[in-house]
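Peer 1: Here it is: the structure, laid out below.
The values are calculated or read from the model by the stated rules, or taken from the named source; none is laboratory data. Just so it is clear, the structure is predicted and the values come from calculations on it, not from any experiment. A quick note on method: Cβ atoms are made from the backbone with ideal geometry, for glycine too, and the neighbour counts reach across all protein chains shown.
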Amino acid sequence: MGGMITQKSLIAWIVAWIAFAVFMLLLPQYVESGTLRLIISANFVAIFAMSWDFLSGKTGYISFGHPFLIGIGAYATAILNYRFHVPIGYSIPLAVVFTLVGGIVYFLPALRIKGTYFALVTLAFMELMYQFTQVIRPDLTGGTRGISGVQTMLVGARPNYYFTFLLMFGIAIVLWLLSRTRAGTALDAIAMNEEAVSGSGLSTTKLKLFAFLVSATVAGIGGAFYVHYQGSIAPRAIFEIDFVFKIIVSALIGGASTIVGPMLGAFFMSFLFDYLRPFLPGTERFFLFGVAALLLYVYQPKGIYQIVADLISGLRAKFAGEAGNGKAA
Amino acid sequence: MTQILIQGFLLSGLYALMAIGFTLIFSVGRVLNLAYGSYLMLGGYAYFYVSQALHMPKLLGFASAIVMGGVAGVLMYKLLVKRLAGDQVAVEISTLILAVVIQAGVVLVFNDSTKILLPIVNGVWRVGSASITFNMLAAMVASWVILAGLFVFVKRTHLGRAIQAVSMDPKGAVISGVDTDRINLITWAISGALGSTAGVFFAAYTQLNPSMWVAPLIIVVAVVIVGGIGSIVGSLIVAHIIGFMEIITTSLISAQMRGVFTMALIIGVLLLRPQGLFGRSDL
Amino acid sequence: MNPFMKLTAVAALALSTGLATSGLSHAADTVKVGFIGSFASDTGRSTLRGAEIAIEELNAAGGLNGKKIVLVKADTHEDVTEGIKAYEYLAETEKVDFVISGCIDDVSLGWLPRMVEYKIPTLDTWTSNIGIIDKLVSDFDTYKMYFMNVATDEALAALYVDFGKDILAKKMGWKKTVIVQEDTAFGNAINGLVTQLLAPEAGIKVLDTIVYDTATVDFSPIFSRAVDSGADFIYLVASVNSQVVSSQYVKLQVPLAMTGVNVSALGREYWEDTGGAGGGISTLSPIPSVGFAIDDESAAFVKKYQAKYSDRPKYPHFNGFNAYFGLKQAFSAAEKAGGFGLDKWVPAMENEDLVLKKDGKLWLRYAFWKPGEKEPRTGRTYPHNIKFDISPPYDSGAPSMVVVQWYEDGKAKVVYPPKYANGEFAVPSWVKKK
């Protein structure tokens, strides 16, 4: 969302963020703890989706193996904390550092290839991690069964709700601010035309590295807190296509390369899925959910964000009698 | 040693058969069809349902698999690819979603227990300490025949040359009067039918399971990426490289590392020679 | 687009679901049981149906102290993350009093921390991972609400050594084996136990171990290596995609006998699923397995099961029986303890003891090892695991497992231990006897 930002729309944004935060913080008074659990899950997916979006949505380097980064964060803290008894206060930051290193590794292919080929390399990275966690040092990683009984940070739906919401919100704000910096807007430009950006004298390599590292940091933070919420970790739970699917579809259905889009998408997908649970407890639910996601995506690949934006500008045009002035921000 | 040679050729034959349909689409449309594995699955399940559940003749089972694949390909093209044409990422993502949807659909219709197909051709041939099923031999023969047929089709027939033209230069093809839409439709249908045929053999060798589309997809992607776009011969050669390396790793090194090699190969080739070993230099 | 609108949308979604699901907690005069497992798998369905029948019978007899028992279900889709969400759903939204699980090992390990957090009494009917029992050993108070009424994998291996001694070594005269195992924790665990015990106790030497990747497409090189090793038979450990190994074994007509653990061959659908290419395979199986002669009470359960359900699995898997008997025990304990409060219920459940007799002899027994109670043969404790008996003549508890043999005509029989055997161990017709 780069470009010219008027004073008015900036205030509108800030008001919206604050209102949102207040609303969400008051929510636990009005809803059941079961719903809070749902929102906690959605918060995590939102964090992962925002991490994905900052990289793939912004730069156009599609990551099909994002669980690679998330998994490094998760496994690092799980191993440090469970096997070596490093307190969470240290194991989580250390895990993020490990993920940053992973992010650099992840970045290296981007120096040479892009587009579909890059996507495939990232998928291969994830598959390799899947094999590695099972085969290499299973005494540390727990092998195929993983580790069950990892220390949980907070207990109970409400505390976790507040914490994960604040974490997600904090990350969202930071990413939002980052995307408004010069580096952030330059990243948006890379997705459209990388040659033009490098032609204008900016170092695309540095910019891409920036995106990768930011994405990796968020993925590492998310992954580390995630494992201390779930209480367990297993290769099957993290390095699988379903997880990739969840993250990417959330980001895209919400609206890629916006910060709010992935959040919206994560919430929407989580609710759609779990909303159906009492009515369709079994396999039909997965099928219908997938079909709904597919239809939604094919109808508007730019996501709900765009659907609503089009709706609003359409309404504006109707009532104001003038051509809609597009997105307000 | 003879065992490794024989087993290598057999597995490579199966892999080549699986990769043919994918090569076609990737070369022609530059589209990464992540639902390609679903063709294999649909073909396998169609064959199972017709020949094993309904006890109809095997040929009918094959025919229904081929039709299933062709129809799936056409639908994918019309409903996804055409709608999202121009946005390559969107097409890829939508095929991923579709693959997951098809998996859920299969679970719904068939339940998630694993099923074993009876061999298409019965009988075993023993060479030393190795057993070779006629089923695998049939798969290998089928793949060579289909590959040869495809080669002739692409180089000699009018339609085939049109497909080649679209694959090499879509704009130029349009200018020379080729109906690219029709060509794409046909190519997707052929790709689907080939995928389903391969699926029957693959399922007959391994098993039928709603999540069976993932592993072949990775193998097929490896073959095509490493082989290079636009090169049918390249796919064939790389299918043999991968097939032989899997057999050698399993027999002589360690059976656990089988999958690691393929991943490392993909990464290595993509980093060092992105156009593949035999592909053209443009990406 | 107005940013306010966007953020409102997110908040609105949150609220609407909350309001939608808020009416689901239960009335004070019912007791809720939650089933967690995969609805689409034979395993999950067996437990679910066993639970449903048990609850029907309990309600017909007046429920729990007059309160009606209601069953709610949550699907795990055999996915670890979904499993955790399913458990949360049962605990927070449905507020169940008891959980009965038909989950596989991975999924159970996933929701275990949640069980600890919510402190809901849970009975696991299929998962047999020794790691969970180990947690009960090292930290009993934290995990005491968990019960597992299928024998753990360790008990399985001990019985296998006896089978090796009596049948493989003595009867078949085999002295050397090659282990073919999947590269999973299960594979490693069984391999370790077999290698350490089989040689000294049964006099069978392990010549080689071949570890294969679970996604292997082509087992012919692995079987070639096995044949080349010069062993008398293959010991297979396969729980994931085990049909691929066994069906390729049959299709390739590998000229070497094979036995071991093959999880796919545990249900009657094995024959139908393999299209008949399943003969010659033998495997360890929890009880009651295919081919297992059952006592009258179990037979009555089967009759009800088959009258009620027409789709697969047509015959309950062993965990269906575990669910049926186990759930009844859980409620019997609850009645004595005045509810599911852990302080009283756990000791009451530990005291539950159901002996099923056949022809006047002890045939099956559903009881639990108490904390601190040592099992004589292995010398360790198995708190809250089903009280298995791994020393012949197996008359104080049910055997942990039996060995089931599938024949090439589609029949399956139990071939070991002798007390339960109704068939002979056989080598496939294409393997030449040495």
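Peer 1: Which residues, taken from the range C:295-329, are touching a residue at least 40 places away in the same chain (Cβ under 8 Å), within 23 Å of B:SER113 (Cβ to Cβ) and not in a helix (DSSP H, G or I)?
Peer 2: Scanning the range C:295-329 gives C:TYR309, C:ARG312, C:PRO313, C:LYS314, C:TYR315, C:PRO316, C:HIS317.
Peer 1: Something else: Out of (1) surrounded by fewer than 16 Cβ atoms within 10 Å (Cβ to Cβ); (2) modelled with pLDDT under 90; (3) closer than 22 Å to C:LEU136 by Cα, the odd one out for C:GLU375 is which?
Peer 2: Every listed condition holds for C:GLU375 apart from (1).
Peer 1: Any chance you could count how many residues in the range A:18-40 are more than 7 Å from every other protein chain (Cβ to nearest Cβ) and without any contact (Cβ under 8 Å) to a residue 12 or more places away in the chain?
Peer 2: Narrowing the range A:18-40 to residues more than 7 Å from every other protein chain (Cβ to nearest Cβ): A:18, A:21-22, A:25-26, A:28-29, A:36, A:40.
Next, only the ones that are without any contact (Cβ under 8 Å) to a residue 12 or more places away in the chain stay: A:18, A:22, A:26, A:29.
Going through the range A:18-40 one residue at a time, the tally reaches 4.
Peer 1: Could you tell me which numbered condition A:ILE253 fails, if it satisfies all but one of (1) more than 8 Å from every other protein chain (Cβ to nearest Cβ); (2) in a helix (DSSP H, G or I); (3) surrounded by fewer than 24 Cβ atoms within 10 Å (Cβ to Cβ); (4) not hydroxyl-bearing (Ser, Thr, Tyr)?
Peer 2: (3)
Peer 1: Here is a follow-up. So which helices (runs of 4 or more DSSP H) stay within the range C:47-151 end to end and still have 3 or more residues that are closer than 30 Å to B:GLY105 by Cα and touching a residue at least 12 places away in the same chain (Cβ under 8 Å)?
Peer 2: In the range C:47-151, C:80-88, C:105-118 are the helices (runs of 4 or more DSSP H) which contain 3 or more residues that are closer than 30 Å to B:GLY105 by Cα and touching a residue at least 12 places away in the same chain (Cβ under 8 Å).
Peer 1: Still on this structure, please answer the following. Show the residue pairs meeting these rules: Cβ distance below 8 Å; 6+ apart or different chains; first residue within the range A:191-219 and closer than 15 Å to A:PHE107 by Cα; second residue modelled with pLDDT under 80.
Peer 2: A:THR204/A:ILE190; A:THR204/A:GLU194; A:THR204/A:VAL197; A:THR204/A:SER198; A:LEU207/A:ILE190; A:LEU207/A:VAL197; A:LYS208/A:ILE190
Peer 1: Give me a count of the residues in the range B:118-131 that are more than 7 Å from every other protein chain (Cβ to nearest Cβ) and among the aliphatic types (A, V, I, L, M).
Peer 2: 3
Rundown of residues vs (1) at pLDDT below 80; (2) crowded, with 20+ Cβ neighbours inside 10 Å; (3) of a type in the set (Gly, Ala, Ser); (4) closer than 29 Å to B:PHE153 by Cβ, yes/no style:
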position	(1), (2), (3), (4)
B:GLY192	no, yes, yes, yes
B:VAL200	no, yes, no, yes
B:VAL224	no, yes, no, yes
B:GLY227	no, yes, yes, yes
B:GLY230	yes, yes, yes, yes
B:VAL238	no, yes, no, yes
B:THR249	no, yes, no, no
B:PHE278	yes, no, no, yes
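Peer 1: Among the residues in the range C:160-171, are any among the aliphatic types (A, V, I, L, M), within 14 Å of another protein chain (Cβ to nearest Cβ) and in contact (Cβ under 8 Å) with a residue 12 or more places away in the chain? Let's see the steps before the verdict.
Peer 2: Of the range C:160-171, the ones among the aliphatic types (A, V, I, L, M) are C:161, C:167-169.
Now restrict to residues that are within 14 Å of another protein chain (Cβ to nearest Cβ): none.
No, the range C:160-171 contains no residue that is among the aliphatic types (A, V, I, L, M), within 14 Å of another protein chain (Cβ to nearest Cβ) and in contact (Cβ under 8 Å) with a residue 12 or more places away in the chain.
Peer 1: Is it true that some residue in the range B:265-283 is of a type in the set (Gly, Ala, Ser) and within 14 Å of chain C (Cβ to nearest Cβ)?
Peer 2: No, the range B:265-283 contains no residue that is of a type in the set (Gly, Ala, Ser) and within 14 Å of chain C (Cβ to nearest Cβ).
Peer 1: Condition first: of a type in the set (Val, Ile, Thr), modelled with pLDDT under 80 and closer than 30 Å to B:ALA104 by Cβ. Now tell me which residues in the range A:270-329 satisfy that.
Peer 2: Across the range A:270-329, the qualifying residues are A:THR283, A:ILE304, A:ILE307, A:VAL308.
Peer 1: Another question about this same structure. Looking only at the range A:106-117, decide whether some residue is crowded, with 22+ Cβ neighbours inside 10 Å and within 14 Å of chain C (Cβ to nearest Cβ).
Peer 2: No, because not a single residue in the range A:106-117 is crowded, with 22+ Cβ neighbours inside 10 Å and within 14 Å of chain C (Cβ to nearest Cβ).
Peer 1: Working carefully through the options A:VAL244, A:VAL260, A:VAL291, find the one that is out of contact with any Pro (no Cβ under 8 Å at 6 or more places or on another chain) and either surrounded by fewer than 21 Cβ atoms within 10 Å (Cβ to Cβ) or of a type in the set (A, V, I, L, M) (or both).
Peer 2: Exactly one of A:VAL244, A:VAL260, A:VAL291 is out of contact with any Pro (no Cβ under 8 Å at 6 or more places or on another chain) and either surrounded by fewer than 21 Cβ atoms within 10 Å (Cβ to Cβ) or of a type in the set (A, V, I, L, M) (or both), namely A:VAL291.
Peer 1: Another question, if that's okay. Just to be sure before I move on: is A:THR141 within 12 Å of chain C (Cβ to nearest Cβ) and either farther than 28 Å from C:ASN129 by Cβ or among the polar types (S, T, N, Q) (or both) in the structure I sent?
Peer 2: Details: within 12 Å of chain C (Cβ to nearest Cβ): yes; either farther than 28 Å from C:ASN129 by Cβ or among the polar types (S, T, N, Q) (or both): yes.
Answer is yes for this residue.
Peer 1: A follow-up question, please. Consider the range B:111-124. How many of its residues are in a strand (DSSP E or B) and modelled with pLDDT under 80?
Peer 2: The total comes to 1.
Peer 1: Does C:ILE210 satisfy the criteria of being within 9 Å of chain B (Cβ to nearest Cβ) and under 21 Å from C:LEU284 (Cα atoms)?
Peer 2: yes
Peer 1: Quick one: which of B:MET18, B:MET68, B:MET56, B:MET41 is surrounded by fewer than 19 Cβ atoms within 10 Å (Cβ to Cβ) and either farther than 25 Å from A:ALA251 by Cα or within 16 Å of the chain's Cα centre (by Cα) (or both)?
Peer 2: B:MET56
Peer 1: While we're on this one: Kindly indicate whether any position in the range C:271-281 is outside the structural domain of C:LEU354 (by TED's automatic domain parsing) and under 14 Å from the mean Cα position of the chain (by Cα).
Peer 2: no
Peer 1: Also: Restricting the search to the range C:221-247, which residues are farther than 20 Å from C:THR43 by Cα, under 25 Å from the mean Cα position of the chain (by Cα) and among the polar types (S, T, N, Q)?
Peer 2: C:SER247
Peer 1: Determine which member of the set C:THR283, C:THR274, C:THR259 is without any contact (Cβ under 8 Å) to a residue 40 or more places away in the chain, buried (at least 24 other Cβ atoms within 10 Å of the Cβ) and of a type outside the set (Lys, Arg).
Peer 2: Exactly one of C:THR283, C:THR274, C:THR259 is without any contact (Cβ under 8 Å) to a residue 40 or more places away in the chain, buried (at least 24 other Cβ atoms within 10 Å of the Cβ) and of a type outside the set (Lys, Arg), namely C:THR274.
Peer 1: B:GLY105 passes all but one of (1) small (Gly, Ala, Ser); (2) farther than 30 Å from B:THR180 by Cα; (3) more than 7 Å from every other protein chain (Cβ to nearest Cβ); which number fails?
Peer 2: Result: B:GLY105 passes all but (3).
Peer 1: A further question follows. Look at C:VAL227 and say whether it is within 27 Å of C:PRO286 (Cβ to Cβ), in the same structural domain as C:ASP183 (by TED's automatic domain parsing), of a type in the set (Val, Ile, Thr) and outside any loop (DSSP other than H, G, I, E, B).
Peer 2: So C:VAL227 does not fit the description; no.
Peer 1: Just checking, how many residues over the range C:352-387 are under 22 Å from the mean Cα position of the chain (by Cα) and either among the acidic types (Asp, Glu) or not assigned by TED's automatic domain parsing to the domain that holds C:TRP126 (or both)?
Peer 2: 3
Peer 1: Among the listed residues A:ALA211, A:ALA224, A:ALA237, which satisfies the condition of being away from chain C (no Cβ under 14 Å), closer than 30 Å to C:ALA215 by Cα and buried (at least 21 other Cβ atoms within 10 Å of the Cβ)? Spell out how you get there, then give the answer.
Peer 2: Details: A:ALA211 fails: closer than 30 Å to C:ALA215 by Cα; A:ALA237 fails: away from chain C (no Cβ under 14 Å).
Being away from chain C (no Cβ under 14 Å), closer than 30 Å to C:ALA215 by Cα and buried (at least 21 other Cβ atoms within 10 Å of the Cβ) holds for just one of A:ALA211, A:ALA224, A:ALA237, which is A:ALA224.
Peer 1: So, A:VAL155, is that one under 30 Å from A:MET24 (Cβ atoms), more than 20 Å from the chain's Cα centre (by Cα) and crowded, with 19+ Cβ neighbours inside 10 Å or not?
Peer 2: On the way: under 30 Å from A:MET24 (Cβ atoms): yes; more than 20 Å from the chain's Cα centre (by Cα): yes; crowded, with 19+ Cβ neighbours inside 10 Å: no.
It is false that A:VAL155 is under 30 Å from A:MET24 (Cβ atoms), more than 20 Å from the chain's Cα centre (by Cα) and crowded, with 19+ Cβ neighbours inside 10 Å.
Peer 1: Can I ask one more? Can you go through B:LEU150, B:LEU59, B:LEU108 and tell me which one is without any contact (Cβ under 8 Å) to a residue 60 or more places away in the chain, part of a helix (DSSP H, G or I), out of contact with any helix residue (DSSP H, G or I) (no Cβ under 6 Å at 6 or more places or on another chain) and not basic (Lys, Arg)? Spell out the reasoning first.
Peer 2: Details: B:LEU150 fails: without any contact (Cβ under 8 Å) to a residue 60 or more places away in the chain; B:LEU108 fails: out of contact with any helix residue (DSSP H, G or I) (no Cβ under 6 Å at 6 or more places or on another chain).
That would be B:LEU59, the only listed residue that is without any contact (Cβ under 8 Å) to a residue 60 or more places away in the chain, part of a helix (DSSP H, G or I), out of contact with any helix residue (DSSP H, G or I) (no Cβ under 6 Å at 6 or more places or on another chain) and not basic (Lys, Arg).
Peer 1: Quick check on this structure: which one of B:ALA239, B:ALA204 is of a type in the set (Gly, Ala, Ser) and within 10 Å of chain C (Cβ to nearest Cβ)?
Peer 2: B:ALA204
Peer 1: Also, quick follow-up: When only residues in the range A:118-136 that are facing chain B (nearest Cβ under 7 Å) and more than 22 Å from the chain's Cα centre (by Cα) count, which is nearest to A:LEU209 (Cα to Cα)?
Peer 2: Restricting to residues being facing chain B (nearest Cβ under 7 Å) and more than 22 Å from the chain's Cα centre (by Cα), the top hit is A:GLN131.
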